[in-house]
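Student: The structure under discussion is supplied below as structure tokens; questions concerning it will follow.
The values are calculated or read from the model by the stated rules, or taken from the named source; none is laboratory data. Because the structure is a prediction, the values reported are computed rather than measured. Every residue, glycine among them, receives a Cβ derived from its backbone with ideal geometry; neighbour counts consider all protein chains shown. Areas reflect the complete protein model, heavy atoms only, side chains present, ligands, DNA and RNA absent. Shrake-Rupley method; radii C 1.70, N 1.55, O 1.52, S 1.80 Å.
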Amino acid sequence: MFHYMAGWATKIEGNTITLSVPYMPGAGFHAYTLREPIGVIAQIIPWNFPLLMAAWKLAPALATGNTVILKPAEQTPLTALRLAELIAEAGIPDGVVNVLPGYGESAGAALAAHDDVDKVAFTGSTEVGKLIVQAAAGNLKKVTLELGGKSPNIVLDDADPDIAIQGAANAIFFNHGQCCVAGSRLFIQEDRFDQVVEGVAGIARGIKLGPGLEPGTQMGPLVSDEQLQRVTGYLDSGRDEGAHTVVGGSRHGEQGYFVQPTVLIGAHPSTKVVREEIFGPVVVASPFSDLDQIAAEANDTTYGLGAGIWTRDISKAHALASRIRAGTVWINCYNVFDAALPFGGYKQSGWGREMGHEVLEAYTEVKAVCTQL
Ligand code: ADP
């Protein structure tokens, strides 16, 4: 991320613009735009990928000439503090990058509301994203948001089953499902439904849970007791609302915040496990019959962050991709990120984009300079 964004630092450009100004006949003008830093940027990041989120946020802000106050999540401040030491060692002038650990409701809220902060860039829950917007209203600071998701992952009947099954499992179980783009709604075309559900359940059964430092562990605990309660609460609600558990469905062991990788089927589209972001290793699988139906079902969510499509039919893949209302659509892959690929959400998954050249717009103001000759 720092390499890629460092390349942009020398390529921040404006335009020259030819004016007509019809009410000033005969006048000549020289007009151009400048892209300038926004100023002081507050960046508030979550705990699920602590160092990566810091890099995603810091690199573009610095490449465009801003100064930053970065607030890591209260659960995970250490990597950001170490990064700050390295940044100081690398010779970035004092005051350009400031890491401010603290709680969300105190340090985070104060940054979002502060009159001397020119922009707040936030990654976290949609609920807190809405609080950030309200807090930012005081001085109308710029806001970009990367929020939650309930991303559809769609397996068509012509997909390579082995690739789709492995892909669907990775899409939800990577990082214990504590990913904003987790493929948590798995839609499978009818003829393949049993095979794909059984395949993903088989992978779930085989995942070795344990402490992260223990050799052979494939899935560690969730981040906190709060997260454990939240995820197991959703498992209970899924059962209460009529979903059937194919595999998993509860806490793993008595100690630690371990949750079994879980596959649910038969959940009604209106239930909480289908509609709300669980942020744990829990996927809800449903069958579908035709492509028109699936585009509507996939879009039947307040979110719009990611989506996956698994098929060998290139026409169907791109036709469906164009109908999905999400910031990223992966075809025959999932969770592929690159510094050059813009990332962000439609609908309540966010405002603006991170990465790629799109992010430069989120960290610059445009100044139009107009001279009469
Ligand atoms: P999660 O639910 O994944 O913990 P949050 O949205 O609660 O995600 O937290 C993401 C980040 O937002 C963290 O750095 C947290 O401290 C911060 N945060 C939480 N509440 C607020 C708030 N009211 N104002 C500003 N930042 C907040």
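Student: Kindly indicate the residue of the range 193-241 that is β-branched (Val, Ile, Thr) and within 25 Å of the chain's Cα centre (by Cα) and also nearest to residue 47 (Cα to Cα) among those meeting that condition.
Tutor: Among those that are β-branched (Val, Ile, Thr) and within 25 Å of the chain's Cα centre (by Cα), it is 223.
Student: Name the pairs whose Cβ atoms lie under 6 Å apart, with the first residue in the range 43-65 and more than 12 Å from residue 121 (Cβ to Cβ) and in contact (Cβ under 8 Å) with a residue 12 or more places away in the chain, the second among the hydroxyl-bearing types (Ser, Thr, Tyr) and open to solvent by 20 Å² or more (accessible area, probe 1.4 Å), and 6 or more positions between them or separate chains?
Tutor: 47/76; 50/76; 50/79; 51/79
Student: Which of the residues belonging to the range 178-226 are of a type in the set (Asp, Glu) and either open to solvent by less than 30 Å² (accessible area, probe 1.4 Å) or within 28 Å of residue 125 (Cα to Cα) (or both)?
Tutor: Selection gives 225, 226.
Student: Determine the pairs where a residue that is open to solvent by less than 60 Å² (accessible area, probe 1.4 Å) and at pLDDT 95 or above, located within the range 121-137, has a partner that is within 8 Å of the ligand (Cβ to nearest atom) and of a type in the set (Phe, Trp, Tyr) with Cβ atoms under 7 Å apart, the partner being 6 or more residues away or on another chain.
Tutor: Once the first residue is open to solvent by less than 60 Å² (accessible area, probe 1.4 Å) and at pLDDT 95 or above and sits in the range 121-137, its partners that are within 8 Å of the ligand (Cβ to nearest atom) and of a type in the set (Phe, Trp, Tyr) give 129/122; 132/122.
Student: Residue under question is residue 311, and the condition is that it be polar (S, T, N, Q), closer than 18 Å to residue 199 by Cβ, surrounded by fewer than 23 Cβ atoms within 10 Å (Cβ to Cβ) and at pLDDT 95 or above; does it hold?
Tutor: For residue 311, the condition - polar (S, T, N, Q), closer than 18 Å to residue 199 by Cβ, surrounded by fewer than 23 Cβ atoms within 10 Å (Cβ to Cβ) and at pLDDT 95 or above - is met.
Student: Follow-up question, since we're still on this one. What number of residues within the range 220-240 satisfy the criterion of being within 23 Å of residue 75 (Cβ to Cβ) and free of Cβ contacts under 8 Å to residues at least 12 places away in the same chain?
Tutor: Residues flagged as within 23 Å of residue 75 (Cβ to Cβ) and free of Cβ contacts under 8 Å to residues at least 12 places away in the same chain within the range 220-240 amount to 3.
Student: Which residues, taken from the range 81-109, are more than 9 Å from the ligand (Cβ to nearest atom), in a helix (DSSP H, G or I) and either under 21 Å from residue 39 (Cβ atoms) or of a type in the set (Lys, Arg) (or both)?
Tutor: 82, 84, 87
Student: If you don't mind, another one. Can you tell me which residues in the range 103-130 are of a type in the set (A, V, I, L, M) and within 28 Å of residue 181 (Cβ to Cβ)?
Tutor: Residues satisfying the conditions are 107, 109, 111, 112, 117, 120, 121, 128.
Student: Would you be able to say whether some residue in the range 356-364 is over 24 Å from residue 49 (Cα atoms), over 19 Å from the mean Cα position of the chain (by Cα) and modelled with pLDDT of 95 or more?
Tutor: Yes, there is a match, as at least one residue in the range 356-364 is over 24 Å from residue 49 (Cα atoms), over 19 Å from the mean Cα position of the chain (by Cα) and modelled with pLDDT of 95 or more.
To keep it simple, each residue is scored yes or no on (1) in contact with an Asp or Glu (Cβ under 9 Å, 6 or more places away or on another chain); (2) at positive phi; (3) not aromatic (Phe, Trp, Tyr).
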site	(1), (2), (3)
106	no, no, yes
110	no, no, yes
122	yes, no, no
127	no, no, yes
141	yes, no, yes
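Student: Something else about it: State all residues of the range 241-300 that are acidic (Asp, Glu), touching a residue at least 12 places away in the same chain (Cβ under 8 Å) and surrounded by fewer than 19 Cβ atoms within 10 Å (Cβ to Cβ); if no residue qualifies, say none.
Tutor: Selection gives 241, 276, 297, 300.
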